[in-house]
Amino acid sequence: MTEEARNVAILKEAYRLWHDSKGASVDHWMNICADELTFGSIGQGVRAAPYMTLYDEKSKLGEYFQGLARDWEMIEFRPEHFVAQLDRVVMLGRCTWRCRRTSKTVWSPKADSFRFASGKIIEFFEYFDTAGMRDALQP
């Protein structure tokens, strides 16, 4: 198995667990992240979601998952395509979340970009409909 194929397999399993558990497979995601990583979100700057920020080490990453679980209920998360080249994998898919405070639902296309080293995630950045997220967070 090539390094590219191995990285895609790691992510396919992680996304399967993420979808099946409705976002409760945090421990699995933490296990496939390197101790030192760069983790970011296009949602950075949305005041109502301060956990959508830049993280530079795994020990702080729990804040992202805690905020996500506190504010959102996953309806679905569907990875549809994986594109791999060398140490990078991009996942293209779609997701639907319900804001726990407002009960508003947001559907979004989703793109996640990863870089791997020695079978661990060392870089992650997510892209989604930030306007939809912001609107769902507002009462």
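Evaluate 2.2 N^0.38 Å with N set to the residue count of segment 3-137, then give the Cα radius of gyration divided by it. Before the final figure, lay out the partial values.
Numbers: Rg = 14.1 Å, N = 135, 2.2 N^0.38 = 14.2 Å.
Normalised by 2.2 N^0.38 Å, the Cα Rg of segment 3-137 equals 0.99.
For segment 23-139, what does the relative contact order come out to in percent, with C-alpha contacts under 8 Å and a separation of six or more?
Values: 227 pairs, mean separation 29.2, N = 117.
About 25 percent, as a whole number.
So for segment 1-59, Kirkwood radius off the Cα pairs, Stokes-Einstein at 25 °C and 0.890 mPa s: how many µm² s⁻¹? Let's see the in-between values first.
Numbers: Rh = 13.1 Å.
Result for D is 187 µm²/s.
As a test of the formula, what do you get for the chain when each DSSP H run with n ≥ 4 contributes -39,500 (n - 2.57) and the sum is divided by the residue count, at 222 nm and rounded to the nearest 500 deg cm²/dmol? Provide the component values of the computation, followed by the final result.
Working: 4 runs with 42 residues, N = 139.
That comes out to -9000 deg cm²/dmol.
Could you list which residues have their amide H under 5 Å from that of E123, counting only those 5 or more apart in sequence or on another chain, with H placed in the peptide plane?
T38, R115
Could you check the spin-label model distance between L17 and I32? Points 7 Å from the Cα along Cα→Cβ, value in nm.
Once both label points are built, they end up 0.8 nm from each other.
Within 14 Å, Cβ to Cβ, of D135, how many net charges do the neighbouring residues add up to if Lys/Arg are +1 and Asp/Glu are -1?
Numbers: positive: R47, R98, R101, K104, R134; negative: D71, D129.
With Lys, Arg at +1 and Asp, Glu at -1, the net is +3.
Quote to one decimal, in nm, the extra length available between I42 and T102 on full extension: 0.36 nm per residue of separation minus the C-alpha distance between them.
19.4 nm
Can you check what the net charge comes to around F39, using other residues whose Cβ is under 14 Å from the Cβ of F39 (Lys, Arg +1; Asp, Glu -1)? Please list the in-between numbers first.
Working: positive: K58, K60, R115, K120; negative: D35, E36, D56, E57, E63, D112, E123, E126.
Taking every other residue near F39 into account, the sum is -4.
Apply 1/(1 + (r/R0)^6) to the Cβ-Cβ distance of E73 and R6, taking R0 = 22 Å, and write down the FRET efficiency to the nearest 0.05.
0.10
Where does segment 80-121 land on Rg/Rh, using Cα atoms and the Kirkwood Rh?
Dividing the radius of gyration by the Kirkwood radius yields 1.18.
Every number here is computed from the coordinates shown, using simple stated rules; none is lab data. From a predicted model like this one, the values you see are computed outputs, not experimental measurements. Note: ideal-geometry Cβ built from the backbone for every residue, glycine included; neighbour counts use all protein chains shown.
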